[in-house]
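What follows draws every value from the coordinates through simple rules; no lab data is involved. Everything numeric in this text was worked out from a predicted model, so none of it was measured. Please note: Cβ atoms are built from the backbone with ideal geometry, for glycine as well, and neighbour counts cover all protein chains shown.
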Amino acid sequence: MAEHEAVKTLDYKGLACPMPVVRISQEIGKIGVGEVVEVHTTDPGSISDFPAWAKTTGHEVVEIKQEAGLIRIFVRRKK
Amino acid sequence: MSVDVEKEMAAIKAQLEERPGAKNKLSMVVFSGDLDKHIASMIIATGAAAMGMEVILFYTFWGTAALRDPKKRAKGKNFMGKMFGMMLPRGRNRLPLSQMNMAGAGPAMIKSLMKQKNVASLDQLFEAAGMMGVKIYICQMSMDLMGMKTEEMIDYPGLEVVGVATFLAHAKESSIQLFL
């Protein structure tokens, strides 16, 4: 999992809206500015919600990878 | 000349900051006494808080019953107050559905579906809201009207009983205003 050099992985599998964005909003401040966190979720709504959340809060969704039964979202803390 | 420009810029900046809807803030009236609408209001509120917004919820009319704590009882109510107290749901876990209530079978079904699909319960949403600083105001007049008392309301950080002007002052500067 060296892609985007995520400093940690957050397991949000099974959580439904709005919990994935609620959790990431509480976790993003715990990594350093410029660092990337990898989020694992099974909520299809997160694919549109994470970019919307990032746009509003000023962070960056680096990449979203859809795999069988798992969505991996890489988020960079920008400020 | 440059001093004038600076002064004008400052004046324009002040006007911009005071214009209606300027703040990254959501104000919502929670009017309904229905379970489904309370789930919706809490999901929107916690979502908005996650988006970095300041969130104000103003509970009025039937909405206030959702804030009653089933473990608490208030003393010194008059006859009408007692009647309303008996007829209104004691808190968020006793609310009916706006549709398909089926004498209480509907809410039980929704709650079990939510559990099955791992959707956060109203209890969990209230807890998350409290942690993220979602502000809850209760309408003074609604409580008076229905004979409700502050001491029978839930423990929630910063919960306050206020009038409509307090809500309007928040709503005016909010970029989003909703009514549920």
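With the convex hull of the Cα atoms taken as the outline of segment B:27-179, the averaged projected area works out to 9.1 nm². The calculated FRET efficiency for B:D144 paired with B:Q116, based on their beta-carbon distance and R0 = 45 Å, is about 0.65.
Normalising by the residue count of segment A:3-76, find the relative contact order in percent from Cα pairs under 8 Å and 6+ residues apart.
Reported as a whole number, the value is 35 percent.
For chain A, the Cα-based Rg and Dmax, in that order, read 11.2, 32 Å.
With contacts defined as alpha carbon pairs under 8 Å and 6 or more residues apart, what's the relative contact order of chain B in percent? Relative contact order for chain B comes out at 37 percent.
Of all DSSP bridge pairs formed entirely within chain B, close to 5 percent run antiparallel.
Each of B:Y137, B:Y59 was scored by other Cβ atoms within 10 Å of its Cβ. Arranged with the fewest first, they read B:Y137, B:Y59.
Taking each residue in B:127-135, count the Cβ atoms of any other chain within 10 Å of its Cβ, then average. What number comes out? Before the final figure, lay out the partial values.
On the way: counts 0, 5, 1, 0, 2, 3, 0, 0, 0.
Shielding by partners across B:127-135 averages 1.
Among B:A165, B:A22, B:A128, which one shows the highest mean-square fluctuation when chain B is modelled as a Gaussian network with alpha-carbon springs under 10 Å? Taking springs between Cα atoms under 10 Å, the residue moving most is B:A165.
Ranking B:A50, B:A129, B:M100 by how far each Cα lies toward the positive end of the dipole of chain B (charges on Cβ) leaves B:M100 at the top. Label point of B:Q124 set 7 angstrom out along Cα-Cβ; within segment B:5-37, amide nitrogens under 20 Å from it belong to B:35-37. Past the 31 angstrom mark, what percentage of all C-alpha to C-alpha distances in the protein assembly as shown do you count? Tail fraction, whole percent: 38. With +1 on each Lys and Arg Cβ and -1 on each Asp and Glu Cβ, and nothing else charged, work out how big the dipole of segment A:3-76 is about its Cα centre, in Debye to the nearest 20. With only Lys, Arg, Asp and Glu charged at Cβ, the dipole is about 160 debye. Remark: the B:T166-B:N101 segment gains 20.0 nm on full extension, using 0.36 nm per residue and subtracting the alpha carbon distance. Given +1 at the Cβ of Lys and Arg, -1 at the Cβ of Asp and Glu and no other charges, the dipole of the protein assembly as shown around its Cα centre is 1000 debye to the nearest 20. Annotation for B:F61 and A:K13: the two label points, set 7 Å from Cα along the Cα-Cβ direction, are 4.6 nm apart. When B:V29, B:V162, B:V134 are arranged by Cβ crowding within 10 Å, least crowded first, meaning fewest neighbours, the order is B:V162, B:V29, B:V134.
Here r is the Cβ-Cβ distance between A:S48 and B:E18 and R0 is 45 Å; the resulting FRET efficiency, rounded to 0.05, is 0.85.
Per residue of B:37-49, other chain Cβ atoms within 10 Å of the residue Cβ number 2 on average. For A:K65, the lysines whose Cα falls under 26 Å of its own Cα, not counting residues fewer than eight places away in the same chain, are A:K8, A:K13, A:K30, A:K55, A:K78, A:K79, B:K117. Placing R0 at 45 angstrom, the Cβ-Cβ distance between A:E60 and B:F79 gives a FRET efficiency of 0.15 after rounding to 0.05.
The helix-only estimate of mean residue ellipticity at 222 nm for the protein assembly as shown, built from DSSP H runs of length n ≥ 4 each weighted as -39500 (n - 2.57), is -11500 deg cm²/dmol after division by the residue total.
Under the combined filter of DSSP loop state and at most 13 neighbouring Cβ atoms within 10 Å, segment B:99-135 retains these trypsin sites (Lys or Arg not before Pro): B:K117.
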